[in-house]
Amino acid sequence: MRAGRLELRRVRMDLVSPFRTSFGSQTDRDILLVRFEGVDGESGWGECVALSEPVYSAEFVDGVELVLEHHIWPRLRAAGDISAADIAEILEPLRGHPMAKAAVEMAALDAELRANDTDLRSYFGVTRDRVPSGVSVGIHPTIDDLLSAVEGYVRDGYARIKLKIEPDWDIEPVREVRALIGPDMGLQVDANTAYGRDDIDHLCQLDEFDLLLIEQPMAEEDIIGHARLAAASSTPVCLDESIVSAQTTRDAIELGAAEVINIKPGRVGGYLEARRIHDYCLDLGVPVWCGGMLETGIGRAANAALAALDGFTLPGDISASARFWSRDIVLDPITVEEGSVAVPDAPGLGYDLDLDELERVTYRTRLLD
Ligand code: OSB
Ligand code: MG
């Protein structure tokens, strides 16, 4: 394909309920969607996972638009005949901005797959047609509110629960949720960097709840701190924010800072780098699972296909579309049945857009030539 035009579309969608993490509370999502158009009419969509503010990582959605316009798209326009698999290397001279790079690679991959009348699951060569589904549960005003939310998700059939934690919202909420769901259901926690090395003894109190893992308790850069916690605690330490590439994955594992890896394509620069990280971890026998970033049906479909690779042995944050949205922008939103979601098999990334709903939620569209 040759890069022709890039459509940048901003959509605003309300969440069904507020989602609070240690870095703040969200009631809606301002999302950048990009459409890659090849000069021969190939077309595909990508979803950028950057949040409105640089609180999860340095990227934010307005910044992503600038980087795409001034740095990424001109390089792809100048690159001649390309395949989606070439994009990471073409963009390698640009430091950082993995979410911006991932969005455009995702759109090009969708365009390429649709042009070849194939789908992401064949491209990845996955064999499973369903993957276990976990749900991420935000910090609530009270433990009672949390318990009723968790009760609802258990009724919806989720295979595991992930609780967001922060100092003063950790041991007691986890104890109560474990008591509610019983000893056999998968339970894990995510601190989004809210703790430090001084909290190691405190975090070891979580060991009694038989958690699947503790996700990113400390700062993105604090690899040694995570290694110390991993040595002290029986709960497996999993990294999210720290894992920005295949190289950081190798280093974190080798240093004993990560016993489990959360893979998010946006955070590592795309689905193809995500696949390389998966392959590396599978080789080493390190379990991985697919994270989420409050995606629409576009990202959810692609994540389900990625999570069907053999090394994804833990349930992902691939919940039903209805977990976050009252109405999705795809015609075939992801649903959860008996703890799992179907790996989509429509051409491209696996969904069909609901064009009317997409128009309804769009508040700005720009075309880059
Ligand atoms: O840390 O996994 C995270 C959402 C936004 C930013 C970071 C995270 C999350 C979630 C939600 O936990 C996961 C989901 O999309 O279900
Ligand atoms: Mg996380």
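Quick check, is Leu213 of a type in the set (A, V, I, L, M) and either within 15 Å of ligand 2 (Cβ to nearest atom) or not assigned by TED's automatic domain parsing to the domain that holds Gly285 (or both)?
yes
State which residue is farthest from Val260 (Cα to Cα) when the search covers only the range 172-194 and only residues that are open to solvent by less than 20 Å² (accessible area, probe 1.4 Å), within 13 Å of ligand 2 (Cβ to nearest atom) and not polar (S, T, N, Q).
Filtering the range 172-194 for residues that are open to solvent by less than 20 Å² (accessible area, probe 1.4 Å), within 13 Å of ligand 2 (Cβ to nearest atom) and not polar (S, T, N, Q), the one farthest from Val260 (Cα to Cα) comes out as Ala191.
Going by the structure shown, is Ala79 part of a loop (DSSP other than H, G, I, E, B) and either of a type in the set (Gly, Ala, Ser) or under 23 Å from the mean Cα position of the chain (by Cα) (or both)?
Here the answer is yes, as Ala79 does meet what is asked.
Any idea which of Arg267, Arg250 is under 20 Å from Leu349 (Cα atoms), modelled with pLDDT of 95 or more and of a type in the set (Lys, Arg)?
When all the criteria are applied, what remains is Arg267.
For the range 41-52, name all the residues that are more than 16 Å from ligand 2 (Cβ to nearest atom), surrounded by fewer than 23 Cβ atoms within 10 Å (Cβ to Cβ) and under 16 Å from Asp28 (Cα atoms).
Ser52
Looking only at the range 125-148, count every residue that is open to solvent by 10 Å² or more (accessible area, probe 1.4 Å) and in contact (Cβ under 8 Å) with a residue 24 or more places away in the chain and tell me the total.
Residues flagged as open to solvent by 10 Å² or more (accessible area, probe 1.4 Å) and in contact (Cβ under 8 Å) with a residue 24 or more places away in the chain within the range 125-148 amount to 11.
Inside the range 54-101, can you point out the residues that are over 24 Å from Asp30 (Cβ atoms) and of a type in the set (Ser, Thr, Tyr)?
Matches in the range 54-101: Ser83 only.
Report, by residue number, each residue of the range 116-135 that is farther than 30 Å from Glu151 by Cα and at pLDDT 95 or above.
Asn116, Asp117, Thr118, Asp119, Leu120, Arg121, Ser122, Tyr123, Phe124, Gly125, Val126
Considering only the range 16-40, state which residues are touching a Leu at 6+ places or on another chain (Cβ under 8 Å), open to solvent by 30 Å² or more (accessible area, probe 1.4 Å), within 16 Å of ligand 1 (Cβ to nearest atom) and in contact (Cβ under 8 Å) with a residue 40 or more places away in the chain.
Gln26
I'd like to check something: does the range 83-99 contain any residue that is without any contact (Cβ under 8 Å) to a residue 40 or more places away in the chain, in contact with a helix residue (DSSP H, G or I) (Cβ under 9 Å, 6 or more places away or on another chain) and among the basic types (Lys, Arg)?
no
Do any helices (runs of 4 or more DSSP H) entirely within the range 196-280 hold 1 or more residues that are away from ligand 1 (no atom under 16 Å from the Cβ), open to solvent by less than 60 Å² (accessible area, probe 1.4 Å) and farther than 28 Å from Met185 by Cα, and if so, which?
Once the helices (runs of 4 or more DSSP H) in the range 196-280 are filtered for at least 1 residues that are away from ligand 1 (no atom under 16 Å from the Cβ), open to solvent by less than 60 Å² (accessible area, probe 1.4 Å) and farther than 28 Å from Met185 by Cα, what remains is 223-232, 246-254.
Output the number of the condition that Glu65 fails; it satisfies all remaining conditions of (1) open to solvent by less than 20 Å² (accessible area, probe 1.4 Å); (2) within 16 Å of ligand 1 (Cβ to nearest atom); (3) charged (D, E, K, R).
Condition not satisfied by Glu65: (2).
When residues of the range 281-290 are filtered for being of a type outside the set (A, V, I, L, M) and buried (at least 17 other Cβ atoms within 10 Å of the Cβ), how many remain?
Final tally of qualifying residues: 4.
Which of the numbered conditions does Lys264 fail, given that it passes all the others? Conditions: (1) within 16 Å of ligand 2 (Cβ to nearest atom); (2) closer than 29 Å to Leu15 by Cβ; (3) over 20 Å from the mean Cα position of the chain (by Cα).
Here Lys264 meets the rest and fails (3).
When the range 283-305 is examined, which residues are found to be away from ligand 2 (no atom under 16 Å from the Cβ), within 14 Å of the chain's Cα centre (by Cα) and assigned to a helix (DSSP H, G or I)?
Scanning the range 283-305 gives Gly297, Ile298, Arg300, Ala301, Ala302, Ala304, Ala305.
I'd like to know if the range 291-301 contains one or more residues that are aliphatic (A, V, I, L, M) and either closer than 29 Å to Pro173 by Cα or in contact with a His (Cβ under 7 Å, 6 or more places away or on another chain) (or both).
yes
Sort through Ala78, Ala103 and tell me the only one that's in the same structural domain as Val49 (by TED's automatic domain parsing), touching a strand residue (DSSP E or B) at 6+ places or on another chain (Cβ under 9 Å) and open to solvent by less than 10 Å² (accessible area, probe 1.4 Å).
Checking each option against the conditions leaves just Ala103.
The values are calculated or read from the model by the stated rules, or taken from the named source; none is laboratory data. If you're wondering where the values come from, they're calculated on a predicted model, not measured in any experiment. Here the Cβ is made from the backbone with ideal geometry for all residues, glycine too, and neighbour counts use every protein chain on show. Surface accessibility is based on the protein's heavy atoms, side chains included, excluding ligands, DNA and RNA. Shrake-Rupley method; radii C 1.70, N 1.55, O 1.52, S 1.80 Å.
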